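Working notes, beginning with the structure itself.
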Amino acid sequence: MSDLDLGPVWLTLRLATVTVALLLLVGTPLAWWLAHTRTRMKPLIEALTALPLVLPPTVLGFYLLVLFAPNAPLGDAWLDLTGETLTFSFSGLVIASMIYSLPFVVQPLQGAFEAVGRGPLEAAAVLGARPLDAFLTVASPLALRGYLTAAVLGFAHTLGEFGVVLMVGGNIPGRTRVISIAIYEQVETLNFAQAHLLAGGFLAFSFAVLVLVYGLNRRYPVHTA
């Protein structure tokens, strides 16, 4: 047990932290737009955003692997820009994780923004606040519950990835071997003691995440317009 390799744990925590931080930046304007737009394209965009919820991870991972390949336009552009491939790299895992965990961040934010409504923003505008100021000082604080839920769920969901990260990143120690892949590898080699340690820790963490989410939902009620 003392020989347990914690490298995958730290790599997974790093991956989840970077992914959630970027998703909050990207997901906030998307969720805000979805919460307030009246375009007929809204159902289509919502369906695309939620697609990772129903698409098998290996299917999503396969198409991302094709998209990230050095001979594909995106993969080739990334290689020219950074000097490294998107496939079998930490950068590729981050982008794949963002796509895979997108609905777990966007949907809570969208629900929170819809609950806030336009009333507080209109009141702020009457008082002379610019749109960005009103969003940062009025809408965002009122949507705090959505932000907390999105961050927690996005983080936890990224920790549990397997099919997508295996297809895109493989199993490279120190670069792409995350917790889920490490557990699978321990089971494959019949090293059940270390598999129990990793899986048990992940089980306890997942339960704590759910307790935290339900606790946040009770502590921070939805603010409606």
### Message
Looking at the chain, identify the longest residue range that excludes and avoids all trypsin sites (Lys or Arg not before Pro) in DSSP loops having at most 11 other Cβ atoms within 10 Å.
### Response
41-225
### Message
Test of understanding: express the Cα radius of gyration of the chain as a ratio to 2.2 N^0.38 Å, with N the residue count.
### Response
1.15
### Task
Report, to the nearest 10°, how far helix 90-116 tilts away from the longest principal axis of the Cα atoms in the chain, using its own Cα long axis and a range of 0 to 90°.
30 degrees
### Query
Of L216, G119, A182, which is farthest on the positive side of the dipole of the chain, counting Cα position, with +1 on Lys and Arg Cβ, -1 on Asp and Glu Cβ, and the Cα centre as origin?
G119
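Coordinate-derived values only; no laboratory data. Since the structure is predicted, the reported quantities are computational estimates derived from the model, not experimental observations. A quick note on method: Cβ atoms are made from the backbone with ideal geometry, for glycine too, and the neighbour counts reach across all protein chains shown.
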